[in-house]
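Visitor: Dropping the structure in here first, questions after.
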Amino acid sequence: MRVISGTARGKTLKSVPGDSTRPILDRVKTALFDVLRPRIESARVYDMFAGAGSIGIEALSQGAEHCVFVDIMPAAVKIIKENLAATKLVSKAEVRQIDTFLYLEKTERIFDLVFIAPPQYKGLWSSAMMRIAGKPGVVAVGGLVVAQIDPAERENISFAEFPLVDERRYGNTELLFFSHL
(Lines give C-alpha, C1' and ligand atoms only; values in the text may rest on other atoms or scores of the structure.)
Protein backbone atom coordinates (compact mmCIF):
# COMPACT_ATOMS: atom_id res chain seq x y z
CA MET A 1 0.00 0.00 0.00
CA ARG A 2 1.44 3.36 -1.00
CA VAL A 3 0.54 7.02 -1.55
CA ILE A 4 -0.22 7.40 -5.25
CA SER A 5 0.06 11.16 -5.78
CA GLY A 6 0.81 14.53 -4.25
CA THR A 7 3.34 15.64 -1.65
CA ALA A 8 3.82 12.14 -0.19
CA ARG A 9 3.77 10.34 -3.55
CA GLY A 10 5.45 6.95 -3.49
CA LYS A 11 5.64 6.65 0.30
CA THR A 12 4.89 3.13 1.48
CA LEU A 13 2.17 2.88 4.13
CA LYS A 14 2.06 0.28 6.86
CA SER A 15 -0.99 -1.99 7.12
CA VAL A 16 -2.91 -2.89 10.25
CA PRO A 17 -1.96 -6.44 11.29
CA GLY A 18 -4.68 -9.09 10.98
CA ASP A 19 -7.83 -9.16 8.89
CA SER A 20 -9.96 -6.62 10.76
CA THR A 21 -9.45 -3.84 8.21
CA ARG A 22 -10.24 -3.58 4.51
CA PRO A 23 -7.26 -2.02 2.70
CA ILE A 24 -8.07 -0.42 -0.62
CA LEU A 25 -6.10 -1.67 -3.62
CA ASP A 26 -3.83 0.91 -5.26
CA ARG A 27 -5.68 0.60 -8.58
CA VAL A 28 -9.03 1.29 -6.87
CA LYS A 29 -7.54 4.19 -4.90
CA THR A 30 -6.12 5.63 -8.13
CA ALA A 31 -9.54 5.41 -9.81
CA LEU A 32 -11.26 6.89 -6.74
CA PHE A 33 -8.94 9.90 -6.64
CA ASP A 34 -9.31 10.42 -10.37
CA VAL A 35 -13.00 11.03 -9.58
CA LEU A 36 -12.35 13.05 -6.39
CA ARG A 37 -9.42 15.19 -7.59
CA PRO A 38 -11.52 18.28 -8.47
CA ARG A 39 -12.93 18.25 -4.91
CA ILE A 40 -9.78 17.56 -2.89
CA GLU A 41 -8.07 20.95 -2.78
CA SER A 42 -8.69 22.51 0.68
CA ALA A 43 -11.28 19.84 1.56
CA ARG A 44 -12.10 18.83 5.12
CA VAL A 45 -12.16 15.02 5.21
CA TYR A 46 -13.62 12.48 7.65
CA ASP A 47 -12.20 8.95 7.28
CA MET A 48 -14.86 7.05 9.28
CA PHE A 49 -13.39 3.56 9.64
CA ALA A 50 -9.86 4.70 8.98
CA GLY A 51 -7.91 1.42 9.29
CA ALA A 52 -4.36 2.31 8.21
CA GLY A 53 -5.46 5.78 7.10
CA SER A 54 -4.69 5.24 3.43
CA ILE A 55 -7.63 7.26 2.06
CA GLY A 56 -7.28 10.23 4.39
CA ILE A 57 -3.51 10.32 3.87
CA GLU A 58 -4.02 10.24 0.10
CA ALA A 59 -6.48 13.14 0.38
CA LEU A 60 -4.01 15.15 2.49
CA SER A 61 -1.17 14.37 0.10
CA GLN A 62 -3.29 15.64 -2.80
CA GLY A 63 -4.20 18.93 -1.12
CA ALA A 64 -6.97 18.38 1.43
CA GLU A 65 -6.84 20.94 4.23
CA HIS A 66 -7.52 18.59 7.14
CA CYS A 67 -8.56 15.02 7.86
CA VAL A 68 -10.11 13.43 10.92
CA PHE A 69 -9.19 9.74 11.13
CA VAL A 70 -11.49 7.70 13.38
CA ASP A 71 -11.03 4.06 14.29
CA ILE A 72 -11.90 2.18 17.45
CA MET A 73 -8.98 -0.27 17.27
CA PRO A 74 -5.77 0.71 19.11
CA ALA A 75 -3.65 -1.11 16.50
CA ALA A 76 -5.23 0.94 13.69
CA VAL A 77 -4.72 4.23 15.53
CA LYS A 78 -1.05 3.35 16.10
CA ILE A 79 -0.54 2.57 12.40
CA ILE A 80 -2.35 5.75 11.28
CA LYS A 81 -0.05 7.84 13.47
CA GLU A 82 3.02 6.05 12.11
CA ASN A 83 1.82 6.53 8.52
CA LEU A 84 1.13 10.22 9.12
CA ALA A 85 4.61 10.68 10.57
CA ALA A 86 6.21 8.85 7.62
CA THR A 87 4.35 11.06 5.14
CA LYS A 88 4.97 14.27 7.14
CA LEU A 89 1.23 15.03 7.23
CA VAL A 90 0.73 15.01 11.02
CA SER A 91 -0.01 18.75 11.22
CA LYS A 92 -3.03 18.38 8.91
CA ALA A 93 -4.57 15.46 10.78
CA GLU A 94 -6.53 14.55 13.88
CA VAL A 95 -6.56 10.89 14.92
CA ARG A 96 -9.30 9.70 17.25
CA GLN A 97 -9.67 6.29 18.89
CA ILE A 98 -13.41 6.15 19.38
CA ASP A 99 -16.45 4.43 17.93
CA THR A 100 -17.03 6.27 14.67
CA PHE A 101 -20.80 6.47 15.25
CA LEU A 102 -20.24 8.09 18.64
CA TYR A 103 -17.81 10.55 17.06
CA LEU A 104 -20.35 11.34 14.33
CA GLU A 105 -23.07 11.91 16.94
CA LYS A 106 -20.93 14.30 19.02
CA THR A 107 -18.93 16.23 16.42
CA GLU A 108 -19.79 19.77 15.43
CA ARG A 109 -17.40 19.71 12.49
CA ILE A 110 -18.54 20.04 8.90
CA PHE A 111 -16.81 17.91 6.27
CA ASP A 112 -16.55 18.26 2.50
CA LEU A 113 -15.74 14.59 1.99
CA VAL A 114 -16.64 11.58 4.11
CA PHE A 115 -15.21 8.16 3.32
CA ILE A 116 -16.90 5.00 4.63
CA ALA A 117 -15.03 1.68 4.39
CA PRO A 118 -16.12 -0.43 7.37
CA PRO A 119 -15.38 -4.10 8.02
CA GLN A 120 -17.24 -6.15 5.43
CA TYR A 121 -20.58 -7.94 5.76
CA LYS A 122 -21.74 -6.24 8.94
CA GLY A 123 -24.17 -3.73 7.44
CA LEU A 124 -22.08 -0.88 8.79
CA TRP A 125 -21.87 1.12 5.58
CA SER A 126 -25.66 1.50 5.41
CA SER A 127 -25.83 2.28 9.15
CA ALA A 128 -23.20 4.97 8.57
CA MET A 129 -25.18 6.46 5.69
CA MET A 130 -28.38 6.45 7.76
CA ARG A 131 -26.63 8.25 10.61
CA ILE A 132 -25.11 10.82 8.25
CA ALA A 133 -28.52 11.36 6.67
CA GLY A 134 -29.92 11.83 10.18
CA LYS A 135 -27.33 14.54 10.87
CA PRO A 136 -26.95 16.17 7.45
CA GLY A 137 -25.13 19.22 8.83
CA VAL A 138 -21.99 17.11 9.28
CA VAL A 139 -21.51 17.20 5.49
CA ALA A 140 -21.24 20.53 3.70
CA VAL A 141 -23.88 21.26 1.07
CA GLY A 142 -22.36 19.98 -2.15
CA GLY A 143 -20.12 17.66 -0.12
CA LEU A 144 -19.66 14.02 -0.99
CA VAL A 145 -19.95 10.76 0.94
CA VAL A 146 -18.17 7.78 -0.60
CA ALA A 147 -18.89 4.23 0.56
CA GLN A 148 -16.48 1.41 -0.31
CA ILE A 149 -18.31 -1.92 -0.23
CA ASP A 150 -18.23 -5.44 -1.58
CA PRO A 151 -20.99 -5.72 -4.23
CA ALA A 152 -22.59 -8.49 -2.11
CA GLU A 153 -23.20 -5.86 0.60
CA ARG A 154 -25.20 -3.61 -1.73
CA GLU A 155 -28.57 -2.49 -0.42
CA ASN A 156 -31.01 -0.43 -2.40
CA ILE A 157 -31.50 2.40 0.05
CA SER A 158 -32.02 6.05 -0.73
CA PHE A 159 -31.62 9.27 1.20
CA ALA A 160 -33.55 12.42 0.26
CA GLU A 161 -30.71 14.83 1.06
CA PHE A 162 -27.97 12.46 -0.15
CA PRO A 163 -28.88 11.03 -3.56
CA LEU A 164 -26.62 8.43 -5.14
CA VAL A 165 -24.87 10.37 -7.92
CA ASP A 166 -22.33 7.85 -9.15
CA GLU A 167 -21.23 4.27 -8.65
CA ARG A 168 -18.12 2.48 -9.86
CA ARG A 169 -17.16 -1.16 -9.68
CA TYR A 170 -13.61 -2.48 -9.70
CA GLY A 171 -13.63 -6.28 -9.35
CA ASN A 172 -14.98 -7.06 -5.90
CA THR A 173 -14.94 -3.42 -4.78
CA GLU A 174 -17.83 -1.05 -5.37
CA LEU A 175 -17.67 2.68 -4.71
CA LEU A 176 -20.95 4.51 -4.09
CA PHE A 177 -20.97 8.32 -4.28
CA PHE A 178 -23.66 10.28 -2.43
CA SER A 179 -23.88 14.06 -2.80
CA HIS A 180 -25.36 16.35 -0.16
CA LEU A 181 -28.06 18.54 -1.68
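Visitor: Being buried (at least 21 other Cβ atoms within 10 Å of the Cβ) and either over 17 Å from Phe69 (Cβ atoms) or among the basic types (Lys, Arg) (or both) is the filter here, so list the residues in segment 105-131 that pass it.
Guide: Quick first cut of segment 105-131, residues buried (at least 21 other Cβ atoms within 10 Å of the Cβ) only: 111-118, 125, 128-129.
Those that are buried (at least 21 other Cβ atoms within 10 Å of the Cβ) and either over 17 Å from Phe69 (Cβ atoms) or among the basic types (Lys, Arg) (or both): Trp125, Met129.
Visitor: Among the hydroxyl-bearing types (Ser, Thr, Tyr), closer than 27 Å to Asp19 by Cβ, in contact (Cβ under 8 Å) with a residue 60 or more places away in the chain and in contact with a Ser or Thr (Cβ under 9 Å, 6 or more places away or on another chain): is that true of Thr87 in this structure? Even if it seems obvious, please write down each step before you answer.
Guide: On the way: among the hydroxyl-bearing types (Ser, Thr, Tyr): yes; closer than 27 Å to Asp19 by Cβ: yes; in contact (Cβ under 8 Å) with a residue 60 or more places away in the chain: yes; in contact with a Ser or Thr (Cβ under 9 Å, 6 or more places away or on another chain): yes.
Against the criterion (among the hydroxyl-bearing types (Ser, Thr, Tyr), closer than 27 Å to Asp19 by Cβ, in contact (Cβ under 8 Å) with a residue 60 or more places away in the chain and in contact with a Ser or Thr (Cβ under 9 Å, 6 or more places away or on another chain)), Thr87 qualifies.
To keep it simple, each residue is scored yes or no on (1) modelled with pLDDT of 95 or more; (2) in contact with an Asp or Glu (Cβ under 6 Å, 6 or more places away or on another chain).
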residue: Pro17; (1), (2): no, no
residue: Arg37; (1), (2): no, no
residue: Ile40; (1), (2): yes, no
residue: Ile55; (1), (2): yes, yes
residue: Glu58; (1), (2): yes, no
residue: Gln62; (1), (2): yes, no
residue: Glu65; (1), (2): yes, no
residue: Ala85; (1), (2): yes, no
residue: Ile110; (1), (2): yes, no
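Visitor: Moving on to the next point. When you scan segment 101-121, do you find a residue that is within 20 Å of Thr30 (Cα to Cα) and β-branched (Val, Ile, Thr), even just one? Break it down into steps so the answer makes sense when it comes.
Guide: Narrowing segment 101-121 to residues within 20 Å of Thr30 (Cα to Cα): 112-118.
Still in the running and β-branched (Val, Ile, Thr): 114, 116.
Within segment 101-121 (the criterion being within 20 Å of Thr30 (Cα to Cα) and β-branched (Val, Ile, Thr)), the answer is yes, since at least one residue qualifies.
Visitor: I need a count of the residues in segment 56-84 that are in contact with a Cys (Cβ under 8 Å, 6 or more places away or on another chain) and farther than 23 Å from Gly18 by Cβ. Before the answer, list the steps.
Guide: Going through segment 56-84, the residues in contact with a Cys (Cβ under 8 Å, 6 or more places away or on another chain) turn out to be 56-57, 59-60.
Going one step further and asking which of them are farther than 23 Å from Gly18 by Cβ, we end up with 59-60.
Of the residues in that region, 2 qualify.
The values are calculated or read from the model by the stated rules, or taken from the named source; none is laboratory data. Note that the structure is predicted; figures quoted are calculated from it, not measured. Please note: Cβ atoms are built from the backbone with ideal geometry, for glycine as well, and neighbour counts cover all protein chains shown.
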